[in-house]
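*Asks:* Please find one structure pasted underneath; my questions will follow.
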Amino acid sequence: MTASSASSPMSTTGGSEPLATLDAGSRAHLAAIAGRLIPEAHGMPSAAEVLTDDRVRFVLQARPDLVEPLRGALRVELGDDVQARLDALGRGDPAILGALHLVIVAGYYTDRRVRELIGYPGQLAIEVKSGAPSYLDEGLIDAVLARGPVWRDPVTGRRAEVAGAPRTYKERVWSTTAGSTQGGNDGGDST
Amino acid sequence: MASEPADVLIVGAGASGAVVALRLAEAGFRVVCLEQGDWHDLADYPGVRLDWELQQRKTWATSPNIRQLPEDYPIVEDSPVSPLMFNGVGGSTLIFAGAWPRALPSDFRVRSLDGVADDWPIDYFELLPYFYRTDRAFGVSALPGDPAYPPDTDEAPMPPLPIGSAGLKIARAHTRLGWHWWPEFNAINSTPYDGRRPCVQRSTCQSGCNEGAKASTDLTHWPKAIAKGARLITGARVRRIETNDAGLATGATWIDREGAERFEPASVVVLAANAIGTPRLLLLSASGRYPDGLANSSGLVGRRLMMHPFANVAGLFEEPLMSWQGQFGDLIESLEFYETDEKRGFVRGARWGLAPTGGPINTALPSRAGEQVWGPDHHLHVRTHLGHGANWGIFAEDLPDETNRVTLSTTVTDSSGIPAPEVHYSMAENARRMLDFHIERATESMLEAGAFKVEVDRLMRYSGWHLLGTARMGDDPETSVLDPWNRTHDVPNLYIVDGSCFVTSSGVNPTSTIAAIALRAADHIVESRFNQQVPA
Ligand SMILES: Cc1cc2nc3c(=O)[nH]c(=O)nc-3n(C[C@H](O)[C@H](O)[C@H](O)COP(=O)(O)OP(=O)(O)OC[C@H]3O[C@@H](n4cnc5c(N)ncnc54)[C@H](O)[C@@H]3O)c2cc1C
Ligand code: SF4
């Protein structure tokens, strides 16, 4: 009941060959829809071209739950007219249309060339720099402090008045090593 | 199973359960925690993988109704806002964004100050020492001295995280407007801290932090609590709290992974199952003595649910901001319009938090403000949006309303056959006016910062991150479920330490305040141990 096991949905591998569930007709419909939604334009390739077997397989292996709605979106009964198919799904099956959109968009934007063209390198690991942040030097914090306390004093009901509240950041001691690197102790007090 | 019964049995291993477990284990209590979910490994999280944005919409979705993992329970939604949570060791902190603002002093006095709702039986200054302790235990990065709060004597253990190009733009705009802004307080490491690595700005915080930089309690609390002797049982779904003839809690009946029913006895029971899971359990624990549910003589169990109605104001800028990067727990905040000004046509206010905007899949299929664009213009849409945006998230104070409530479903159950909770919620007129006002101001903020376009989501559906108020504290047993120490008025050895205890919601992300209140309750359990009534 409750435990996630080795075969739980946490794993990204779905069925062995999800493409086997799509026949040639379905693949043709998918290409046509992909090309209509994301056509070649503005220096970008069409999704019909980008959505190779590899890309569709990648999406469906990552998200096996999309296989069935995708099959539903590509079913023969919806005909050959791409726009009519999209309209019918939008009216009657928005969830299935959403799954179709996601397969196309995910296949497209996980393609290396597309990512290069849009200048998206993926979510990078960027080291956080130490040292006083530039907004301090720029006086942006001083401007906030100069206006005085913002909190409402629950005793008076008005903006608090704090005697001696620092009006510039220099009035405080800035330390980039504030505190300690151990949790659960008394921390540090840099004032 | 231990041969000796637990001194304290905790239900739920999320934010509040972990805080209580660590404090009590350190004080030498025999602590047992029952958690329906499981442990997760940093490598489970999809943020470092190519399929991250795909998994974020299913297996790592924030809504249990979308994830549908075996450990999730379904929530029947009669609400424009979907309640969000995660069920596992660490609870919702596994996927929380890490923003760590405290409730403000006025939040505890809304009846006295604004004539609405109720005052709390405790106040900001009483909680302050607990805020300092929980800030150290979770690991908070912050710039000290925010004038939106009373001066601190104790400061955050780490310097602030970067505010990013978008944060800098807005900070400059607010300087010109004369409006408050401040680098966000985040429970995310900016430096190595407590054996955990610093943040690498990957921005995937809401599907788990692969670095362990974000303070989820599976990292910050549970290993220490277990080292001190606490026993954490996973895959343990509690179905009811049992009581004896004297009306005292005796322990919990729970279902194990194989579906077998078990009983865990305890001297004291602490519920930490969040403001939906806890009232659900209390209602499930109805008995002859407690026909309307446990600890419910006031009739308030499950009522006064608050979720912070949320709007998103997205600004689009010509220059690239690389705004898919950066901690999701907010870059900067503004509390300029937080306090009541009745000229605005509503009482109370909202906090703004500036967040990154996501990757290309989210750009093409926006989960927040914005639209889908197909055909040749699709490429222009992605080009103008991806990495060019900044999101002001607006968290509106939600005032308590007894008709906003959690009840038990008569038709839907979880995978253990236990009735699912139903959430009945609608947004009040005061909150609607508040959001409308704040959307206007946040739009001005974006335009002043140079946005060429502003896109607005006026009430985001998947924004029920903050679950509060369903077992409020107070002095009077007729109008509250808990006493000021989080003990139920009706059952002297039953405590509730999660966000259910909130009297009002404040307008800020609640977990810092939940953790401080839970620690205060745990201190009280330690201090009152010799006077505590326990079952024979
Ligand atoms: C996507 C997201 C983003 C968020 N971002 C922020 C943020 O930036 N800042 C902030 O302050 N807050 C944020 N929150 C809210 C924050 O996560 C919660 O306030 C906090 O985790 C609540 O702590 P809790 O102890 O009340 O409950 P939880 O952390 O939700 O833990 C409850 C635990 O109880 C367990 N449980 C429930 N019922 C049972 C049962 N019957 N048997 C056994 N176990 C049970 C659950 O499995 C769960 O693990 C966010 C939440 C979400 C979902
Ligand atoms: S931005 Fe920082 S906290 Fe968030 S997931 Fe990345 S490393 Fe973790």
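*Asks:* Look through B:ASP123, B:ASP118, B:ASP135, B:ASP107 and report the one residue that is within 22 Å of the chain's Cα centre (by Cα) and either more than 10 Å from every other protein chain (Cβ to nearest Cβ) or hydrophobic (A, V, I, L, M, F, W, C) (or both).
*Replies:* Unique residue meeting the criteria: B:ASP118.
*Asks:* Of all residues in the stretch B:452-466, which are surrounded by 21 or more Cβ atoms within 10 Å (Cβ to Cβ) and not in a loop (DSSP other than H, G, I, E, B)?
*Replies:* B:ASP457, B:GLY464
*Asks:* Another one. For the stretch B:310-326, enumerate the residues that are out of contact with any Pro (no Cβ under 8 Å at 6 or more places or on another chain), of a type outside the set (Phe, Trp, Tyr) and within 15 Å of ligand 1 (Cβ to nearest atom).
*Replies:* Hit for the stretch B:310-326 is B:ASN312, nothing else.
*Asks:* Then there is this: Which of (1) small (Gly, Ala, Ser); (2) more than 27 Å from B:GLU336 (Cβ to Cβ); (3) touching a Leu at 6+ places or on another chain (Cβ under 6 Å) is the odd one out, the single condition B:GLY389 does not satisfy?
*Replies:* (2)
*Asks:* Quick check on my filter: what residues within the stretch B:229-253 are touching a helix residue (DSSP H, G or I) at 6+ places or on another chain (Cβ under 8 Å) and surrounded by fewer than 17 Cβ atoms within 10 Å (Cβ to Cβ)?
*Replies:* B:GLY229
*Asks:* Can I ask one more? Only one of (1) in contact with a Lys or Arg (Cβ under 9 Å, 6 or more places away or on another chain); (2) within 16 Å of ligand 2 (Cβ to nearest atom); (3) more than 13 Å from chain A (Cβ to nearest Cβ) fails for B:THR62. Which number is that?
*Replies:* All conditions pass for B:THR62, except number (1).
*Asks:* Okay, moving on. Filter the stretch B:169-189 down to the residues that are within 8 Å of another protein chain (Cβ to nearest Cβ) and within 16 Å of ligand 1 (Cβ to nearest atom), then identify the one that is nearest to B:ASP135 (Cα to Cα).
*Replies:* Ranking the candidates gives B:PRO183 first.
Residues checked against (1) within 16 Å of ligand 1 (Cβ to nearest atom); (2) at pLDDT 95 or above; (3) away from chain A (no Cβ under 11 Å); (4) touching an Asp or Glu at 6+ places or on another chain (Cβ under 9 Å):
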| residue | (1), (2), (3), (4) |
| --- | --- |
| B:ARG202 | yes, yes, no, yes |
| B:GLU211 | no, yes, no, no |
| B:GLY229 | no, yes, yes, no |
| B:ILE233 | yes, yes, no, yes |
| B:ARG240 | yes, yes, yes, no |
| B:GLY251 | yes, yes, yes, yes |
| B:GLU264 | yes, yes, yes, no |
| B:SER267 | no, yes, yes, yes |
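*Asks:* Residue by residue through the stretch B:166-197, note down the ones that are free of Cβ contacts under 8 Å to residues at least 60 places away in the same chain, surrounded by fewer than 24 Cβ atoms within 10 Å (Cβ to Cβ) and more than 9 Å from ligand 2 (Cβ to nearest atom).
*Replies:* Hits for the stretch B:166-197 are B:LEU168, B:THR175, B:GLY178, B:THR191, B:PRO192, B:ASP194, B:GLY195, B:ARG196.
*Asks:* Considering only residues of the stretch B:103-117 that are crowded, with 24+ Cβ neighbours inside 10 Å and in a loop (DSSP other than H, G, I, E, B), which is nearest to ligand 2 (Cβ to nearest atom)?
*Replies:* Step by step, filter the stretch B:103-117, then rank; the result is B:ALA103.
*Asks:* To continue, here is another question. Name the single residue that is farthest from B:TYR149 (Cα to Cα) among those in the stretch B:490-515 being more than 14 Å from chain A (Cβ to nearest Cβ) and either within 16 Å of ligand 2 (Cβ to nearest atom) or in a helix (DSSP H, G or I) (or both).
*Replies:* B:SER500
*Asks:* Turning to a different aspect of this structure: For the stretch B:198-216, check the following and say yes or no: at least one residue is farther than 22 Å from A:LEU136 by Cβ, more than 14 Å from ligand 2 (Cβ to nearest atom), among the polar types (S, T, N, Q) and touching a helix residue (DSSP H, G or I) at 6+ places or on another chain (Cβ under 7 Å).
*Replies:* no
*Asks:* While we're looking at this one, here's another question. Restricting attention to the stretch B:81-95, which residues are more than 6 Å from ligand 1 (Cβ to nearest atom), away from chain A (no Cβ under 13 Å) and in contact with a Leu (Cβ under 8 Å, 6 or more places away or on another chain)?
*Replies:* B:VAL81, B:PRO83, B:GLY90
*Asks:* Condition test on B:VAL373, is it out of contact with any strand residue (DSSP E or B) (no Cβ under 9 Å at 6 or more places or on another chain), in a loop (DSSP other than H, G, I, E, B) and closer than 30 Å to A:ALA160 by Cα?
*Replies:* No, not satisfied.
*Asks:* I'm checking my understanding of the structure. Among residues of the stretch B:269-292 that are out of contact with any strand residue (DSSP E or B) (no Cβ under 7 Å at 6 or more places or on another chain) and within 14 Å of ligand 1 (Cβ to nearest atom), which one is farthest from the other protein chains (Cβ to nearest Cβ)?
*Replies:* Within the stretch B:269-292, the match that is farthest from the other protein chains (Cβ to nearest Cβ) is B:LEU282.
*Asks:* Now for a different question. For the stretch B:370-404, enumerate the residues that are aliphatic (A, V, I, L, M) and surrounded by 22 or more Cβ atoms within 10 Å (Cβ to Cβ).
*Replies:* B:VAL382, B:LEU386, B:ALA390, B:ILE394, B:ALA396, B:LEU399
*Asks:* A further question follows. From the residues in the stretch A:27-86 that are assigned to a helix (DSSP H, G or I) and among the β-branched types (Val, Ile, Thr), which one is nearest to the chain's Cα centre (by Cα)?
*Replies:* Ranking the candidates gives A:VAL59 first.
The values are calculated or read from the model by the stated rules, or taken from the named source; none is laboratory data. These figures come from a predicted structure and were not determined experimentally. Don't worry about glycine lacking a Cβ; one is built from the backbone with ideal geometry, like all the others, and counts go over all protein chains shown.
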